[in-house]
Amino acid sequence: MNTVPASIPVLRWAADRACLSDAILEKRFRKWPLWLTGEAQPTLKQLENFARLTHTPIGYFFLPEPPELELPVPDFRTLRDEAMLEPSSALLDTLYLCQQRQEWFRDYARMHGLPRLTFVGSVTLADQAEDVAEAMRQSLSLSIAERKGLPTWMDALRQLIAKAEEAGVLVMASSIVGSNSHRKLNVDEFRGFALADDLAPLVFLNGADSKAAQMFTLAHELAHIWLGESGVSDPEAGNIPEQGIEKWCNQVAAELLMPLDELRQVYEPGSSVAAEIQRLARLFKVSTLVALRRLFDAGFIDQTTLWQCYRKEVERIRGLERSSGGGDFYRTLGARTGKLFARAILSSTLEGQTLFQDAFRMLGVRKTSTFYEAARELGVML
């Protein structure tokens, strides 16, 4: 049987990037340990299967060393794991897919004469967080009083997504790559990214993160759009990043969700931190993680208390989400791709302006029935 001289360093690199252990690979490829020592080589068919399994272009396996892959946008992550400095195939493929969607929507916007969005790149790092947050509220037609009247902070998250899309921002969220449920996104690698563009600004949220954390991520990525800076981020409400741009975006995000002036008016100093963040979260319809961050920003708790309480609260929230069974908040196509994008490409395809195969690829659908079901669900067709 003919074999091919696959590069040992690249085989190892591809397996590590795909987070596949030697034990798993040996079950799929009996001679995997021998491939790594050079005592055996894969057949072309085996190498093709390995390439598909690790989501690696087959040509890479004929390189002497692994290629140095870089993100196509600036990297603003404050990674705690050195092993994740190189982007995974899951992150790269998600970025590439969103760039394709953005490019399509940019052409669609030009064709339909949609106006350029003046808020994209309208602020600088020199602007005060309070002023930027107020400008964002005006552009998004957001009202703190209106949000306080919503039933829960989950409703407030849905409202913020809807308001951003009404303003022209494509908001997409998923816990998987495209529609492939076997390719999970890792929240330890990234929480979201922003692709700034004055015709098709796009924000992506890692749906694998807790819903409580996603509210802050969305506000953070929107700050990137107003700044006009694309980039991949891993914002946490409890984190105080050193990078100037990330620190600024965190400040804007926190102020957008819970203005300090209003917090100071209602703060009750006699309460425990745990009780107070629960009360503030119910009042402002934000997550307890945002409420905790704002207590620190207002000077009511120190950074050590912030970090200790933040970790405890994250674990508490994760426990609640696990016990509730969760369900996929972004299970529908309209949520994963964003309703603004989905409606545009569905209608364009039905009008004959976009090929079905292109629409299927960007929407992540395989069946015609799924396509028409989505079109009816999103009101594109009866």
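The figures follow:
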{"read-out": "Residue that is surrounded by the fewest Cβ atoms within 10 Å (Cβ to Cβ) [pool: residues in region 330-342 that are part of a helix (DSSP H, G or I) and in contact with a helix residue (DSSP H, G or I) (Cβ under 8 Å, 6 or more places away or on another chain)]", "value": "Gly334"}
{"read-out": "Residues (buried (at least 19 other Cβ atoms within 10 Å of the Cβ) and outside any helix (DSSP H, G or I)) located in region 273-300", "value": "Lys285, Val286, Ser287"}
{"read-out": "Boolean, Val132 is buried (at least 20 other Cβ atoms within 10 Å of the Cβ) and over 21 Å from the mean Cα position of the chain (by Cα)", "value": "yes"}
{"read-out": "Residue that is nearest to Thr78 (Cα to Cα), among those in region 245-267 that are in contact (Cβ under 8 Å) with a residue 24 or more places away in the chain and among the polar types (S, T, N, Q)", "value": "Asn250"}
{"read-out": "Entirely in region 83-188, the helices (runs of 4 or more DSSP H) that have 1 or more residues that are closer than 21 Å to Gly364 by Cβ and not hydrophobic (A, V, I, L, M, F, W, C)", "value": "89-111, 153-166"}
{"read-out": "Unmet criterion (only one of (1) within 19 Å of Ala90 (Cβ to Cβ); (2) surrounded by fewer than 18 Cβ atoms within 10 Å (Cβ to Cβ)) for Val10", "value": "(2)"}
{"read-out": "Failed item in (1) within 30 Å of the chain's Cα centre (by Cα); (2) within 22 Å of Leu92 (Cβ to Cβ), with Asp22 passing the rest", "value": "(2)"}
{"read-out": "Qualifying positions in region 355-382 - loosely packed, with under 13 Cβ neighbours inside 10 Å and farther than 19 Å from Gln100 by Cβ", "value": "Lys367, Thr368, Ser369, Arg376, Gly379, Met381, Leu382"}
{"read-out": "Filter pass, Gly270 being free of Cβ contacts under 8 Å to residues at least 12 places away in the same chain, part of a loop (DSSP other than H, G, I, E, B) and either outside the structural domain of Leu170 (by TED's automatic domain parsing) or in contact with a helix residue (DSSP H, G or I) (Cβ under 7 Å, 6 or more places away or on another chain) (or both)", "value": "no"}
{"read-out": "Given (1) more than 22 Å from Asp234 (Cα to Cα); (2) exposed (fewer than 13 other Cβ atoms within 10 Å of the Cβ), number of the condition Leu125 does not satisfy", "value": "(1)"}
{"read-out": "Among residues of region 349-378, those that are of a type in the set (Gly, Ala, Ser) and assigned to a helix (DSSP H, G or I), counted", "value": "4"}
{"read-out": "When residues of region 52-68 are limited to those that are buried (at least 18 other Cβ atoms within 10 Å of the Cβ) and outside any loop (DSSP other than H, G, I, E, B), the one modelled with the lowest pLDDT", "value": "Thr54"}
{"read-out": "Every residue from region 198-231 that is assigned to a loop (DSSP other than H, G, I, E, B), surrounded by fewer than 24 Cβ atoms within 10 Å (Cβ to Cβ) and more than 11 Å from the chain's Cα centre (by Cα)", "value": "Asp198, Leu199, Ser210, Gly228, Glu229, Ser230"}
{"read-out": "Within region 232-256, considering residues that are part of a loop (DSSP other than H, G, I, E, B) and acidic (Asp, Glu), the one modelled with the highest pLDDT", "value": "Asp234"}
{"read-out": "Selection within region 105-157 - among the small types (Gly, Ala, Ser) and under 12 Å from Trp226 (Cα atoms)", "value": "Gly121, Ser122, Ala129, Ala133, Ala135, Ser139"}
{"read-out": "Which numbered condition Tyr310 misses (of (1) touching a residue at least 40 places away in the same chain (Cβ under 8 Å); (2) within 30 Å of Glu70 (Cβ to Cβ); (3) in contact with a Lys or Arg (Cβ under 9 Å, 6 or more places away or on another chain))", "value": "(2)"}
{"read-out": "Every pair of residues 6+ apart whose Cβ atoms lie under 8 Å, when the first sits in region 205-223 and is more than 19 Å from Ala167 (Cα to Cα) while the second is of a type in the set (Asp, Glu)", "value": "Gly207/Asp328; Ser210/Glu321; Lys211/Glu321; Ala213/Glu236"}
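The values are calculated or read from the model by the stated rules, or taken from the named source; none is laboratory data. On a predicted model such as this, the values are computed, not experimentally measured, just so you know. Glycine gets a Cβ as well: all are built from the backbone with ideal geometry, and neighbour counts include every protein chain shown.
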